[in-house]
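Encoded as structure tokens, the structure appears first; notes follow it.
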Amino acid sequence: MNYPFVKQIFYLGLIKNLIQFVSQPQYLPLKDLTVRNKIYDTLGLFLIKLVFSLLVANVLAVFYEPKNITDANMANRFTPLVYLLVGGVILPLYEEVCFRLSLKFRPLYAALTFTSLSYYLLSKAIYKTNLSLVDDTFYTRVLLSLFIGVIAYALMYRKKIAQKLAVLWENNIRWIYYLSCVLFAWLHIFNFELNLTNVLLLPIITLPQLFSATIAGYTRLSFGFKYPLFVHMGTNLLFISLTFLPLD
């Protein structure tokens, strides 16, 4: 069987396609690609993202290495298996629904994004707690988020509003894509201590997340929702698994 992963031209082609898409984002499903080709391209982009993320992390570590307090907190609160489940499966699914699902407009997709984004903002900005922490504010955060989502769905489900929003989405997908990338990256600042240094270095600290979002948005709009979801899960599972390796 012919695998492209050892061929330089394969990665150069992926990078070229990604750059072309980022310069002019559009919802254009690549129906001429087979499922196998989509999987190959997704895995190739995963490897490119992995190399880029490791490169940025190592270069940044030379000058400054902010502590990821969210990861440290989860590692302390959960057993390894639960940590893998929450950090490697549940949170990636949640974040993809939050930032990528509604890149293609449907009332249900948008409502789910409103729900998940509301939960994110309530947890991080209002109650200043972790997304995965089941504390005395957990049910309040969940119920408020669901309420916002239901209201959003009830409004957007109306035929005239849905049609207008669909046209709005199609005509402005470029800016919606860019906004989703920046939001995904910059909201990760809550993973670090909110001190002056981290805030000033926000664009640099979150550069891996920004690159990840550009790839995730590209694969979502070109291949479908499941492809960025599996890449996100694979990335998280890999890095979480590496934390279990003995340091000695």
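The values are calculated or read from the model by the stated rules, or taken from the named source; none is laboratory data. None of the values given here were measured: they were computed from a predicted structure. Positions of Cβ are generated from backbone atoms using ideal geometry, with glycine treated the same way; all protein chains shown enter the neighbour counts. These area figures cover heavy atoms from the full protein model, side chains too; ligands, DNA and RNA do not enter into them. Shrake-Rupley method; radii C 1.70, N 1.55, O 1.52, S 1.80 Å.
In order along the stretch 157-165, the phi-based Karplus estimate (6.51 cos²θ - 1.76 cosθ + 1.60, θ = phi - 60°) of 3J(HN,Hα) comes to 6, 5, 3, 5, 5, 4, 5, 5, 5 Hz; Gly and Pro are listed as x. Distance between Cα centroids, the stretch 5-36 to the stretch 229-248: provide it in whole Å. Centre-to-centre distance over Cα atoms comes out at 25 Å. Considering only Ala216, Ser123, Leu28, and ranking their Cα positions along the charge dipole of the chain that arises from unit charges at the beta-carbon of Lys, Arg, Asp and Glu, the one farthest toward the positive end is Leu28. At a probe radius of 1.4 angstrom, the accessible area of the stretch 41-127 per residue rounds to 49 square angstrom. Between Leu33 and any residue 5 or more places off or on another chain, the built amide H atoms are never under 5 Å apart. With the Kirkwood sum run over all distinct C-alpha pairs, the stretch 140-227 has a hydrodynamic radius of 15.5 Å. Of all lysines in the structure, those lying under 26 Å Cα to Cα from Lys160, and not within fewer than 8 positions of it along the same chain, are Lys104.
Can you give the charge dipole size of the stretch 1-139 about its Cα centre, rounded to the nearest 20 debye, using +1 on the beta carbon of Lys and Arg and -1 on the beta carbon of Asp and Glu?
Numbers: 13 positive and 8 negative charges, 88 e Å.
Here the stretch 1-139 has a charge dipole of around 420 debye.
Report the charge-dipole magnitude of the stretch 159-248 in Debye, nearest 20, computed about the Cα centre from +1 at each Lys and Arg Cβ and -1 at each Asp and Glu Cβ. Mind showing how you got there, number by number?
Values: 6 positive and 3 negative charges, 141 e Å.
Once rounded to the nearest 20, the dipole reads 680 debye.
A 1.4 Å probe, protein heavy atoms only, puts the accessible area of Trp186 near 120 Å².
Estimated at 0.36 nm per residue, the fully extended path between Asp136 and Leu12 surpasses their Cα-Cα distance by 39.6 nm. The ellipsoid equivalent to the alpha-carbon distribution of the stretch 1-45 has semi-axes of 20, 14, 7 angstrom, derived from the gyration tensor eigenvalues as √(5λ) and listed largest first.
Treating only the Cβ of Lys, Arg, Asp and Glu as charged (+1, +1, -1, -1), what charge dipole size does the chain show about its Cα centre? Round to the nearest 20 debye. Provide the component values of the computation, followed by the final result.
Working: 21 positive and 11 negative charges, 219 e Å.
It comes to approximately 1060 debye.
Shown here are the Rg and Dmax of the Cα trace of the stretch 1-125, at 18.2, 50 Å.
With kT/(6 pi eta Rh) evaluated at 20 °C and eta = 1.002 mPa s, and Rh the Kirkwood radius from Cα pairs, the chain diffuses with a coefficient of 110 µm²/s according to Stokes-Einstein.
Could you work out how much longer the chain between Leu144 and Leu202 gets when fully extended? Use 0.36 nm per residue separation minus the Cα distance between them, nm to one decimal. Taking Leu144 through Leu202 to full extension adds about 18.0 nm, to one decimal.
For the stretch 59-71, the Karplus equation 6.51 cos²θ - 1.76 cosθ + 1.60, evaluated at θ = phi - 60°, returns couplings of 5, 5, 4, 5, 9, 6, 10, x, 7, 7, 6, 5, 4 Hz by residue, with Gly and Pro reported as x. Taking 0.36 nm per residue of separation and subtracting the current Cα-Cα distance, fully stretching the chain between Ser241 and Glu65 would add 61.3 nm. Among the trypsin sites (Lys or Arg not before Pro) in the stretch 47-136, which ones are in a DSSP loop with at most 14 other Cβ atoms within 10 Å of the Cβ? Mind listing them? Here the trypsin sites (Lys or Arg not before Pro) that fit, given the DSSP loop and packing criteria, are Lys67, Lys128. Report note on the peptides 111-119, 20-28: ranked by the mean count of other C-beta atoms within 10 Å, highest first, their order is 111-119, 20-28.
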